[in-house]
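Visitor: Let me begin by handing over the structure; questions about it come next.
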Amino acid sequence: MRVLSVGDDALLVEVSSGEEARALHTELLRRRAEGTLSVREIVPAARTVLLDGLTDPSRLATELTTSEVPPAPPHARETVQLPVRYDGPDLADVAAHWGVSPEEVARIHADTEFSVAFCGFAPGFGYLTGLPQRYDVPRRATPRTSVPAGAVALAGPYTGVYPRSSPGGWQLIGSTDTVLWDHTRVPAALLSPGTRVRFVPVGSS
(Lines give C-alpha, C1' and ligand atoms only; values in the text may rest on other atoms or scores of the structure.)
Protein backbone atom coordinates (compact mmCIF):
# COMPACT_ATOMS: atom_id res chain seq x y z
CA MET A 1 0.00 0.00 0.00
CA ARG A 2 1.25 3.48 -0.91
CA VAL A 3 -0.39 6.63 0.43
CA LEU A 4 0.12 9.94 -1.37
CA SER A 5 -0.94 13.41 -0.21
CA VAL A 6 -3.20 15.32 -2.58
CA GLY A 7 -3.53 18.98 -1.67
CA ASP A 8 -4.24 19.92 1.93
CA ASP A 9 -7.05 17.53 2.83
CA ALA A 10 -6.96 14.52 0.50
CA LEU A 11 -5.10 11.21 0.15
CA LEU A 12 -4.66 8.86 -2.79
CA VAL A 13 -4.14 5.28 -1.64
CA GLU A 14 -2.49 2.95 -4.16
CA VAL A 15 -2.86 -0.82 -3.82
CA SER A 16 -1.77 -3.74 -5.97
CA SER A 17 -5.07 -5.10 -7.30
CA GLY A 18 -8.68 -4.32 -7.98
CA GLU A 19 -9.77 -6.69 -5.21
CA GLU A 20 -7.58 -4.82 -2.69
CA ALA A 21 -9.08 -1.54 -3.86
CA ARG A 22 -12.59 -2.95 -3.34
CA ALA A 23 -11.66 -4.21 0.13
CA LEU A 24 -10.19 -0.84 1.10
CA HIS A 25 -13.20 1.04 -0.28
CA THR A 26 -15.57 -1.22 1.67
CA GLU A 27 -13.59 -0.78 4.89
CA LEU A 28 -13.45 3.02 4.54
CA LEU A 29 -17.19 3.19 3.89
CA ARG A 30 -17.73 1.09 7.04
CA ARG A 31 -15.57 3.42 9.13
CA ARG A 32 -17.37 6.49 7.83
CA ALA A 33 -20.77 4.92 8.56
CA GLU A 34 -19.81 4.10 12.14
CA GLY A 35 -18.40 7.59 12.67
CA THR A 36 -14.70 6.73 13.10
CA LEU A 37 -13.66 8.36 9.81
CA SER A 38 -14.47 11.93 8.86
CA VAL A 39 -14.22 12.30 5.08
CA ARG A 40 -16.30 14.02 2.41
CA GLU A 41 -15.70 11.74 -0.59
CA ILE A 42 -14.40 8.17 -1.00
CA VAL A 43 -13.76 7.41 -4.68
CA PRO A 44 -12.51 3.96 -5.77
CA ALA A 45 -10.72 3.28 -9.05
CA ALA A 46 -8.93 0.29 -10.61
CA ARG A 47 -6.11 0.14 -8.03
CA THR A 48 -6.57 3.32 -6.00
CA VAL A 49 -8.96 4.91 -3.54
CA LEU A 50 -9.16 8.70 -3.23
CA LEU A 51 -10.23 10.23 0.08
CA ASP A 52 -11.18 13.89 -0.15
CA GLY A 53 -12.17 16.26 2.63
CA LEU A 54 -10.23 14.65 5.46
CA THR A 55 -9.87 16.41 8.80
CA ASP A 56 -6.50 14.83 9.60
CA PRO A 57 -4.94 13.27 6.48
CA SER A 58 -1.46 12.71 7.95
CA ARG A 59 -2.84 10.69 10.87
CA LEU A 60 -4.96 8.56 8.55
CA ALA A 61 -2.00 8.03 6.19
CA THR A 62 0.03 6.61 9.06
CA GLU A 63 -2.84 4.44 10.23
CA LEU A 64 -3.50 2.98 6.78
CA THR A 65 0.12 2.00 6.19
CA THR A 66 0.39 0.23 9.55
CA SER A 67 -2.93 -1.60 9.67
CA GLU A 68 -4.42 -4.56 7.80
CA VAL A 69 -7.53 -4.15 5.67
CA PRO A 70 -9.96 -7.07 5.97
CA PRO A 71 -11.12 -8.75 2.75
CA ALA A 72 -14.29 -7.32 1.28
CA PRO A 73 -17.38 -9.42 2.01
CA PRO A 74 -19.27 -11.00 -0.90
CA HIS A 75 -21.53 -8.62 -2.80
CA ALA A 76 -24.95 -8.64 -1.14
CA ARG A 77 -26.75 -6.03 -3.20
CA GLU A 78 -29.70 -6.81 -5.44
CA THR A 79 -28.67 -7.66 -8.98
CA VAL A 80 -29.43 -5.08 -11.69
CA GLN A 81 -30.59 -6.73 -14.92
CA LEU A 82 -29.83 -4.94 -18.17
CA PRO A 83 -31.66 -6.14 -21.31
CA VAL A 84 -29.14 -6.23 -24.16
CA ARG A 85 -29.25 -6.80 -27.92
CA TYR A 86 -26.00 -8.43 -28.98
CA ASP A 87 -25.83 -6.45 -32.21
CA GLY A 88 -22.67 -4.37 -31.78
CA PRO A 89 -20.44 -3.52 -34.76
CA ASP A 90 -17.39 -5.08 -33.05
CA LEU A 91 -19.08 -8.35 -32.10
CA ALA A 92 -17.41 -10.29 -34.93
CA ASP A 93 -13.98 -8.87 -34.05
CA VAL A 94 -14.40 -9.86 -30.40
CA ALA A 95 -15.52 -13.33 -31.49
CA ALA A 96 -12.39 -13.69 -33.63
CA HIS A 97 -10.21 -12.52 -30.73
CA TRP A 98 -11.83 -15.07 -28.41
CA GLY A 99 -11.76 -17.80 -31.05
CA VAL A 100 -15.51 -18.42 -30.84
CA SER A 101 -18.64 -17.54 -32.81
CA PRO A 102 -20.53 -14.25 -32.27
CA GLU A 103 -23.36 -16.28 -30.74
CA GLU A 104 -20.92 -17.77 -28.25
CA VAL A 105 -19.67 -14.29 -27.29
CA ALA A 106 -23.25 -13.36 -26.45
CA ARG A 107 -23.76 -16.56 -24.45
CA ILE A 108 -20.53 -16.18 -22.46
CA HIS A 109 -21.23 -12.53 -21.71
CA ALA A 110 -24.84 -13.12 -20.68
CA ASP A 111 -23.88 -16.11 -18.48
CA THR A 112 -21.45 -13.95 -16.46
CA GLU A 113 -22.38 -12.17 -13.24
CA PHE A 114 -20.60 -8.83 -13.20
CA SER A 115 -19.93 -6.38 -10.41
CA VAL A 116 -19.14 -2.68 -10.60
CA ALA A 117 -15.52 -2.24 -9.55
CA PHE A 118 -15.56 1.55 -9.81
CA CYS A 119 -17.16 4.38 -11.75
CA GLY A 120 -15.73 7.11 -13.92
CA PHE A 121 -15.18 8.40 -17.47
CA ALA A 122 -18.73 9.83 -17.59
CA PRO A 123 -21.57 10.16 -15.06
CA GLY A 124 -23.21 6.77 -14.72
CA PHE A 125 -20.41 4.77 -16.37
CA GLY A 126 -19.42 1.70 -14.35
CA TYR A 127 -16.37 -0.46 -14.92
CA LEU A 128 -17.75 -3.99 -14.60
CA THR A 129 -15.58 -7.01 -13.79
CA GLY A 130 -16.45 -10.68 -13.99
CA LEU A 131 -15.18 -12.11 -17.26
CA PRO A 132 -12.16 -14.45 -16.90
CA GLN A 133 -8.80 -12.98 -17.91
CA ARG A 134 -8.69 -15.02 -21.13
CA TYR A 135 -11.53 -12.84 -22.46
CA ASP A 136 -9.64 -9.55 -22.12
CA VAL A 137 -9.79 -7.56 -25.37
CA PRO A 138 -7.74 -4.58 -26.54
CA ARG A 139 -9.23 -1.20 -27.20
CA ARG A 140 -9.80 -0.26 -30.84
CA ALA A 141 -6.72 1.02 -32.64
CA THR A 142 -8.78 4.00 -33.83
CA PRO A 143 -11.38 5.29 -31.32
CA ARG A 144 -14.80 6.28 -32.62
CA THR A 145 -15.68 9.96 -32.54
CA SER A 146 -19.17 9.08 -31.34
CA VAL A 147 -20.45 6.02 -29.48
CA PRO A 148 -24.24 5.96 -28.94
CA ALA A 149 -25.81 5.96 -25.50
CA GLY A 150 -26.60 2.43 -24.36
CA ALA A 151 -23.69 0.80 -26.20
CA VAL A 152 -22.43 -2.29 -24.34
CA ALA A 153 -18.67 -2.46 -24.71
CA LEU A 154 -15.53 -4.36 -23.73
CA ALA A 155 -11.98 -3.11 -23.10
CA GLY A 156 -9.23 -4.96 -21.26
CA PRO A 157 -10.86 -6.86 -18.37
CA TYR A 158 -13.89 -4.55 -18.21
CA THR A 159 -17.43 -4.36 -19.55
CA GLY A 160 -19.12 -0.97 -19.64
CA VAL A 161 -22.30 0.66 -20.88
CA TYR A 162 -22.06 4.16 -22.34
CA PRO A 163 -24.57 6.32 -20.42
CA ARG A 164 -24.56 9.01 -23.12
CA SER A 165 -23.19 9.57 -26.60
CA SER A 166 -19.46 10.26 -26.46
CA PRO A 167 -16.17 9.41 -28.16
CA GLY A 168 -14.80 6.01 -27.21
CA GLY A 169 -12.36 3.28 -28.11
CA TRP A 170 -14.02 0.26 -26.51
CA GLN A 171 -15.20 -2.75 -28.52
CA LEU A 172 -18.97 -2.50 -29.02
CA ILE A 173 -20.77 -5.85 -28.71
CA GLY A 174 -24.35 -4.81 -28.00
CA SER A 175 -26.85 -2.17 -26.97
CA THR A 176 -29.40 -1.54 -24.24
CA ASP A 177 -32.27 0.92 -23.82
CA THR A 178 -31.76 1.12 -20.04
CA VAL A 179 -31.03 4.63 -18.77
CA LEU A 180 -27.80 4.56 -16.78
CA TRP A 181 -27.84 8.19 -15.63
CA ASP A 182 -30.99 10.19 -14.86
CA HIS A 183 -30.58 13.42 -12.90
CA THR A 184 -34.24 13.23 -11.84
CA ARG A 185 -33.68 9.83 -10.20
CA VAL A 186 -32.33 9.29 -6.68
CA PRO A 187 -29.62 8.20 -6.95
CA ALA A 188 -29.04 9.48 -10.47
CA ALA A 189 -26.64 6.63 -11.32
CA LEU A 190 -28.18 3.19 -11.79
CA LEU A 191 -24.80 1.55 -11.15
CA SER A 192 -22.45 2.23 -8.24
CA PRO A 193 -19.39 0.41 -6.86
CA GLY A 194 -20.39 -3.02 -5.59
CA THR A 195 -23.56 -3.31 -7.67
CA ARG A 196 -24.05 -6.73 -9.24
CA VAL A 197 -25.10 -6.75 -12.91
CA ARG A 198 -26.48 -9.38 -15.28
CA PHE A 199 -27.04 -8.84 -19.00
CA VAL A 200 -30.26 -10.40 -20.30
CA PRO A 201 -30.36 -11.08 -24.06
CA VAL A 202 -33.34 -9.74 -25.99
CA GLY A 203 -34.14 -9.82 -29.70
CA SER A 204 -31.83 -7.99 -32.08
CA SER A 205 -33.17 -4.85 -33.69
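Visitor: If you place +1 on the Cβ of every Lys and Arg, -1 on the Cβ of every Asp and Glu, and leave all else neutral, what size is the dipole of the chain about its Cα centre, to the nearest 20 Debye?
Guide: Value, rounded to 20: 240 debye.
Visitor: Moving on. In nm, to one decimal, how far is the modelled label at R134 from the one at E19, with both set 7 Å along Cα→Cβ?
Guide: With each label placed 7 Å out from Cα toward Cβ, I get 1.9 nm.
Visitor: Let me ask another. Compute the longest continuous run of the chain that contains no exposed trypsin sites (Lys or Arg not before Pro); treat a site as exposed when its DSSP state is not H, G, I, E or B and it has at most 13 other Cβ atoms within 10 Å.
Guide: 78-184
Visitor: Name the residue farthest towards the positive end of the dipole of the range 73-180 from the options V179, V84, V105, assuming +1 on Cβ of Lys and Arg, -1 on Cβ of Asp and Glu, about the Cα centre.
Guide: V179
Visitor: Continuing with the same structure: Compute the distance from the alpha-carbon center of the range 160-205 to that of the range 1-61, in whole Å.
Guide: If we compute the Cα centre of each part, the gap is 27 Å.
Visitor: Just the number, please: percent antiparallel of the DSSP beta bridges in the range 73-205, rounded to the nearest 5.
Guide: Approximately 75 percent, going by the DSSP bridge assignments.
Visitor: What's the carbon and sulfur percent of the chain's accessible surface, probe 1.4 angstrom, rounded to a whole number?
Guide: Ligands and nucleic acids excluded, carbon and sulfur give 52 percent.
Visitor: Arrange the residues E27, E68 by how much accessible surface each exposes, largest first, with a 1.4 angstrom probe.
Guide: Output order, biggest surface exposure first: E68, E27.
Visitor: Related question: Under the rule of -39500 (n - 2.57) per DSSP H run of 4 or more residues, summed and divided by the residues of the chain, what mean residue ellipticity at 222 nm is obtained, to the nearest 500 deg cm²/dmol?
Guide: -6500 deg cm²/dmol
Visitor: Now for a separate question. Report the calculated FRET efficiency for A33 and T142 (r = Cβ-Cβ distance, R0 = 41 Å), to the nearest 0.05.
Guide: With R0 = 41 Å, the Cβ-Cβ based efficiency is 0.35.
Visitor: Further question: Select from L128, V43, L54 the residue farthest towards the positive end of the dipole of the chain; place +1 on Cβ of Lys and Arg, -1 on Cβ of Asp and Glu, and compute about the Cα centre.
Guide: The Cα lying farthest towards the positive end belongs to L128.
Visitor: Stretch A122-A110 to full length: gain in nm at 0.36 nm per residue minus the Cα-Cα span?
Guide: My answer for the length gained is 1.9 nm.
Visitor: With each pseudo-label sitting 7 Å past Cα toward Cβ, what's the V202-S166 distance in nm, one decimal?
Guide: Simple spin-label model gives 2.3 nm for this pair.
Visitor: Can you compute the FRET efficiency between T55 and V100 using 1/(1 + (r/R0)^6), with r the Cβ-Cβ distance and R0 = 35 Å? Round to the nearest 0.05.
Guide: Efficiency, from the Cβ-Cβ distance: 0.10.
Visitor: Still on this model: Which value, to two decimals, describes the C-alpha radius of gyration of the chain once divided by 2.2 N^0.38 Å?
Guide: 1.11
The values are calculated or read from the model by the stated rules, or taken from the named source; none is laboratory data. This structure is a prediction, so every number in the text was calculated from the model and none was measured. All Cβ positions, even for glycine, are placed from backbone atoms using ideal geometry, and neighbour counts span all protein chains on display. Heavy atoms of the whole protein, side chains included, go into the accessibility calculation; ligands, DNA and RNA do not. Shrake-Rupley method; radii C 1.70, N 1.55, O 1.52, S 1.80 Å.
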